[in-house]
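This report concerns only the one structure given below.
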Amino acid sequence: MTTTSNNDSDINSLQVADDGSLRHLLTIDGLSAELIRSILERASAFLAPPDQPVIRSSALAGRTVANLFFEPSTRTRASFELAAKRLAADVLNLDVSTSSRIKGESILDTIYTLEAMQADVFVVRDAEAGVPAMIARHVRPGISILNAGESSVSHPTQGLLDVLTMQRSLGDVRQLTVCIVGDIAHSRVARSTAAVLRTLGVGELRLVAPPGMKPDATWFPDAIIGESLSEGVKNADIVMALRIQHERIKNKSELPGPDAYIRHYQLNEESLSEANANVKVMHPGPMNRGIEIDGALADGPRSLITEQVRNGV
Ligand code: CP
């Protein structure tokens, strides 16, 4: 794999053009608050009321969007496909399991092949850190790479949709206390959502990480990191649960077992009793009901989970 520097400033100069517009979307780190606000405003303009037909546009007519998911996905992949179709793009969903990747073709040769077929945008999810930026360094000018989930490093569109959902439900994030609970160490969602919140000046961000799931604090400047859910949720306006990323955890010896996890870290009405009376609950999905979140809470009036999915498109 020819991954080169993943220095934040290198990646940002790759994704942001000299005129300040976005060439690629690789990471939230380094994006200005102004640019993030403009993306969120533009996304809001495409949100029809739930009982109205979807909004369509010809903004991408004549363009081709290729979805390349080298890791499983339901929400992100479906969102990119639907969004591209609603913007009148041609859409290619490469079935990785039956593609020539299985015969050993490299990811770059896969990209070059689709480039020759005049794909303009590549939406990429990969288990390896650095892949979206590596591809962005190799494609022709005018081609865009959108990071749809990169190892445990980055999931920028999830960060954007999470904060869009918070804003639409509760207003300016500068007035909000947000708590994220669960497997922070292995969560690309936590990193990207925290980066959007930090850039927009969130009131307070608390991260509650069980043993074995505590992150490197340098990834989360300004956040309060602790182990106690009752402290983390105190007077919080929004609490977001994360799935345990079993597929990324190498050392499982420190992890709490399922019963201890449910007792100490599950989001349910009881564990939220000290949160703000109007607390809203989020989860990026996929959920493990009955583990990190109680099913009734996920389906109840506090939940913004369906809105997250809708706003993701
Ligand atoms: N939140 C998220 O990335 O979900 P998927 O893995 O289903 O895309």
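The values are calculated or read from the model by the stated rules, or taken from the named source; none is laboratory data. Everything quoted here is computed from the prediction, not taken from an experiment. When we count neighbours, we look across all protein chains shown, and the Cβ atoms used for this are built from the backbone with ideal geometry, even at glycine.
Figure legend. Inter-residue proximity from the stretch 7-28: first residues of a type in the set (Asp, Glu), second residues not in a helix (DSSP H, G or I), beta-carbon distance below 9 Å, spacing 6+ or different chains. Indicated pairs: ASP8/THR27; ASP8/ASP29; ASP8/GLY30; ASP10/THR4. Counting the residues of the stretch 98-115 that are without any contact (Cβ under 8 Å) to a residue 24 or more places away in the chain and either within 16 Å of the ligand (Cβ to nearest atom) or touching a strand residue (DSSP E or B) at 6+ places or on another chain (Cβ under 6 Å) (or both) gives 0. Exactly one residue out of SER13, SER9, SER58 is surrounded by fewer than 12 Cβ atoms within 10 Å (Cβ to Cβ) and not in a loop (DSSP other than H, G, I, E, B): that is SER9. Beta carbons closer than 6 Å, at least 6 apart along the sequence or on distinct chains, pair a first residue in the stretch 154-165 that is more than 9 Å from the ligand (Cβ to nearest atom) with a second that is among the charged types (D, E, K, R) for SER154/ARG188; THR165/GLU307. Apart from one condition, LEU197 fits all of (1) among the hydrophobic types (A, V, I, L, M, F, W, C); (2) part of a loop (DSSP other than H, G, I, E, B); (3) surrounded by 16 or more Cβ atoms within 10 Å (Cβ to Cβ); the exception is (2).
So if I check each of ARG243, ARG248, ARG310, ARG302, which one is under 18 Å from LEU207 (Cα atoms) and either without any contact (Cβ under 8 Å) to a residue 12 or more places away in the chain or not acidic (Asp, Glu) (or both)?
ARG243 is the lone residue from the list that is under 18 Å from LEU207 (Cα atoms) and either without any contact (Cβ under 8 Å) to a residue 12 or more places away in the chain or not acidic (Asp, Glu) (or both).
Taking SER228 as the residue in question, decide whether it is polar (S, T, N, Q) and over 22 Å from GLY312 (Cβ atoms). Yes: the conditions hold for SER228.
If you go through the stretch 67-89 and keep only what is without any contact (Cβ under 8 Å) to a residue 40 or more places away in the chain and closer than 20 Å to ALA136 by Cα, you end up with just ALA84. For LEU92, indicate whether it is in a strand (DSSP E or B) and either within 16 Å of the ligand (Cβ to nearest atom) or free of Cβ contacts under 8 Å to residues at least 60 places away in the same chain (or both). Yes, satisfied.
If you go through the stretch 275-290 and pick out every residue that is under 24 Å from ALA194 (Cβ atoms) and away from the ligand (no atom under 16 Å from the Cβ), you end up with 5.
Scanning the stretch 262-304 for residues that are assigned to a helix (DSSP H, G or I) and either surrounded by 20 or more Cβ atoms within 10 Å (Cβ to Cβ) or in contact with a helix residue (DSSP H, G or I) (Cβ under 6 Å, 6 or more places away or on another chain) (or both) gives TYR265, LEU297, ALA298. Could you please find all residues in the stretch 132-149 being within 16 Å of the ligand (Cβ to nearest atom) and assigned to a helix (DSSP H, G or I)? Result: PRO132, single match.
A Cβ distance below 7 Å, combined with a sequence gap of six or more or placement on separate chains, defines the contacts here; from the stretch 132-144, residues that are at negative phi reach residues that are of a type in the set (D, E, K, R) and in a helix (DSSP H, G or I) in the pairs VAL139/GLU115; ARG140/GLU115; ILE143/GLU115. Can you spot a residue in the stretch 52-66 that is in contact (Cβ under 8 Å) with a residue 40 or more places away in the chain, of a type in the set (Lys, Arg) and out of contact with any Asp or Glu (no Cβ under 6 Å at 6 or more places or on another chain)? No, there is no match, as no residue in the stretch 52-66 is in contact (Cβ under 8 Å) with a residue 40 or more places away in the chain, of a type in the set (Lys, Arg) and out of contact with any Asp or Glu (no Cβ under 6 Å at 6 or more places or on another chain). Within the stretch 62-77, if we keep just the residues that are away from the ligand (no atom under 11 Å from the Cβ) and small (Gly, Ala, Ser), the residue that is surrounded by the fewest Cβ atoms within 10 Å (Cβ to Cβ) turns out to be GLY62. Pick out the one residue from ILE305, ILE291, ILE262 that is under 24 Å from SER79 (Cβ atoms) and not small (Gly, Ala, Ser). After ruling out the rest, the residue left standing is ILE305.
Would you please name the residue that is nearest to ASN276 (Cα to Cα), looking only at residues in the stretch 220-260 that are part of a helix (DSSP H, G or I) and at pLDDT below 90? So, considering only residues that are part of a helix (DSSP H, G or I) and at pLDDT below 90, the one nearest to ASN276 (Cα to Cα) is HIS246.
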